[in-house]
Amino acid sequence: MAPYVADVAVRWSDQDAYGHVNHARVVTLLEDARTGLLFDAATRAGVAAFEAGLLVAALDVAYRRPIPWTPAGVRVAMTAQDVRAASFRVAYRLLLPDGEGAWDEAKPAVTATTQLVPYELATARPRRLTAEEREFLAGYTEDGRAA
């Protein structure tokens, strides 16, 4: 299946003194993209349980090139990985516009993964993924299956 793709606006205030998006703000851009996948797209697919609670258990970010401010923003392509009984990863490729109206797929500015754990806010405990959540995530894995 194709990755989930989200276009995310870059705010002027996301820049640092060097005129590039600050490294910490990049994590916010990834989070903005992830909410499109796990809240908006999942809800449209009839999977609303993610909105009940998700915790970030791990985050790995590789900054590959500077991200300048541009009115086009950034594009984030996401896939699901390592879908287990009670956790999964979202893998990201943050793309920049190439100056000719396309997105530079060959040289992502950032690659990252976030390990997420479903969480019951009411009981303050982790929970297992539902069958519907696993099926939704499987649609965004490389092989179309959850582990």
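No value in this document is a laboratory result; all are computed from the given coordinates. Predicted model only: the values in this text are computed from it and were never measured. Quick reminder, even Gly has a Cβ in these numbers, built from the backbone with ideal geometry, and neighbours come from all protein chains shown.
See the values below:
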| read-out | value |
| --- | --- |
| Solvent-free Debye scattering, log10 I(q)/I(0), computed from the Cα coordinates of the chain at q = 0.15, 0.21, 0.22 Å⁻¹ | -0.76, -1.28, -1.36 |
| Potential lengthening between Arg128 and Ala24 on full extension [0.36 nm per residue; Cα-Cα distance subtracted] | 34.4 nm |
| Relative contact order for segment 4-138, counting Cα pairs under 8 Å that sit 6 or more residues apart, in percent | 28 percent |
| Near-label residues of segment 1-17 by backbone N, under 18 Å of a point 7 Å along Cα→Cβ of Asp143 | 1-3 |
| Relative counts (whole %) of C-alpha pair distances in segment 71-129, using bins that are 5 Å wide | 4, 18, 19, 14, 13, 11, 10, 7, 4, 1, 0 |
| Nearest-20 debye value, segment 4-138 charge dipole, Cβ charges on Lys, Arg, Asp, Glu | 360 debye |
| Degrees, to the nearest 10: 23-35 long Cα axis against longest axis of the chain | 50 degrees |
